[in-house]
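Written out below as structure tokens is the structure these notes cover.
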Amino acid sequence: MSKKITLLGSTGSIGTQSLDVIRAQGYEVFGLSAHSHVEKILEQIEEFHPRYVCMTDPDAAARLDAALAGRANAPRLLTGPEGLKELAAMDGPDVVLNSVVGIAGLGASLTAIESGHDLALANKESLVTGGHLVTQAVAKHGVKLLPVDSEHSAIFQCLQDKESAKSLTKILLTASGGPFFGMKTEELRGKTKADALKHPNWNMGAKITIDSATLMNKGLELIEAVWLFGLPPDEDPDRGAAPEHCPLCRAVQR
């Protein structure tokens with residue numbers, strides 16, 4: 001039987017890549033959400049035929065409602081932050097994939113977990129700002145928390161062997177270094193937003209590209225790892241730059 005997926009944040013970089021996987025695997029889309037990108041989500045509705053759609057921006061929701069008016073088999077439209085949580089709570093999907101950007105994703109993560117859904121998490125802020133809430137809810141409701149971020153997903157897969165998980169001593173998080181890697185302070189003066197958005201290796205959304213250039217993203221990933229893998233907060237994972245961006249994007253040491 002085909003898996004059913006609710007995808008929150010479907011028009012962003014991770015959301016569109018997730019739909020590429022869903023398309024390739026032949027999974028069913030139960031619900032989609034976006035903030036304000038009406039044209040993009042209309043294209044996704046045409047292709048994936050979700051039962052429910054949420055737009056969190058009121059003006060965008062009104063435009064989407066008008067665009068869907070009179071269509072046969074149009075999805076039910078939910079609106080606003082409460083609509084996002086309602087979508088996350090709905091019975092039907094096998095997994096909720098949260099790729100919403102920013103703190104707006106925390107409420108949806110908690111709602112999905114509390115509703116008994118396994119949560120595939122690409123929203124860093126859910127763990128950075130509410131890691132204790134998320135992990136407590138996962139334990140209470142007996143659901144799975146599946147990391148989507150490439151480094152954490154790779155670590156998660158390495159730890160599926162219970163013996164390996166028991167003997168874990170260190171986690172290494174590497175970084176490509178971004179566009180400014182190796183530059184001296186004087187070389188950094190005068191660098192612009194446009195410079196920061198020119199990542200040498202990856203094609204990502206604007207926010208994560210900027211966070212990569214400043215290494216803020218790596219700091220967020222450290223906090224994620226603490227919550228995902230039960231690391232003591234005073235024993236942060238090691239981190240280092242790997243400018244050749246080799247396939248090893250994580251390492252687990254026993």
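Just so you know, all these numbers are worked out from the coordinates, no wet-lab data involved. Nothing here was measured: the structure is a model prediction, and the numbers come from that model. Every residue, glycine as well, gets a Cβ built from its backbone with ideal geometry; the counts of neighbours run over all protein chains shown.
Looking at LEU146, is it assigned to a helix (DSSP H, G or I) and touching a residue at least 24 places away in the same chain (Cβ under 8 Å)?
Working: assigned to a helix (DSSP H, G or I): no; touching a residue at least 24 places away in the same chain (Cβ under 8 Å): yes.
Against the criterion (assigned to a helix (DSSP H, G or I) and touching a residue at least 24 places away in the same chain (Cβ under 8 Å)), LEU146 does not qualify.
Cβ separations smaller than 6 Å between residues 6+ apart or across chains give the following pairs from the stretch 168-184 residues that are among the charged types (D, E, K, R) to residues that are not in a loop (DSSP other than H, G, I, E, B): LYS170/GLN253.
Checking each residue in the stretch 85-135 for being under 12 Å from the mean Cα position of the chain (by Cα) and of a type in the set (Asp, Glu) picks out only GLU125. Number of residues in the stretch 77-116 that are under 12 Å from LYS144 (Cα atoms), surrounded by fewer than 24 Cβ atoms within 10 Å (Cβ to Cβ) and touching a Lys or Arg at 6+ places or on another chain (Cβ under 9 Å): the value is 3. Is one or more of the residues making up the stretch 177-199 among the hydrophobic types (A, V, I, L, M, F, W, C), in contact with a Gly (Cβ under 7 Å, 6 or more places away or on another chain) and surrounded by 14 or more Cβ atoms within 10 Å (Cβ to Cβ)? The answer is no; no qualifying residue exists.
Where residues in the stretch 143-176 are of a type in the set (Gly, Ala, Ser) and over 21 Å from the mean Cα position of the chain (by Cα), which of them is surrounded by the most Cβ atoms within 10 Å (Cβ to Cβ)? Break it down into steps so the answer makes sense when it comes.
At the first step, the residues of the stretch 143-176 found to be of a type in the set (Gly, Ala, Ser) are 150, 153-154, 164-165, 167, 175-176.
Filter once more, so that each one left must be over 21 Å from the mean Cα position of the chain (by Cα): 164-165, 167.
Numbers: SER164: 12, ALA165: 15, SER167: 11.
It comes out as ALA165.
Reported count of residues in the stretch 43-73, each being over 18 Å from ILE5 (Cα atoms) and either in contact with a Cys (Cβ under 6 Å, 6 or more places away or on another chain) or in contact (Cβ under 8 Å) with a residue 12 or more places away in the chain (or both), is 12.
Would you confirm whether any residue within the stretch 9-26 is of a type in the set (Gly, Ala, Ser) and closer than 21 Å to GLU114 by Cα? Step through it out loud before you land on a result.
Initially, the stretch 9-26 is screened for residues of a type in the set (Gly, Ala, Ser), giving 9-10, 12-13, 15, 18, 24, 26.
When the remaining residues are screened for being closer than 21 Å to GLU114 by Cα, the result is 9.
Scanning the stretch 9-26 turns up at least one residue that is of a type in the set (Gly, Ala, Ser) and closer than 21 Å to GLU114 by Cα.
Exactly one residue out of LYS144, LYS170 is within 20 Å of ILE22 (Cβ to Cβ) and touching a strand residue (DSSP E or B) at 6+ places or on another chain (Cβ under 7 Å), and it is LYS144.
Looking only at the stretch 126-143, count how many residues are in contact (Cβ under 8 Å) with a residue 40 or more places away in the chain and in contact with a helix residue (DSSP H, G or I) (Cβ under 7 Å, 6 or more places away or on another chain).
Just the residues of the stretch 126-143 that are in contact (Cβ under 8 Å) with a residue 40 or more places away in the chain, to begin with: 127-128, 131-132, 134-135.
This time we only want the ones that are in contact with a helix residue (DSSP H, G or I) (Cβ under 7 Å, 6 or more places away or on another chain), so: 127-128, 131, 134-135.
So the answer is 5.
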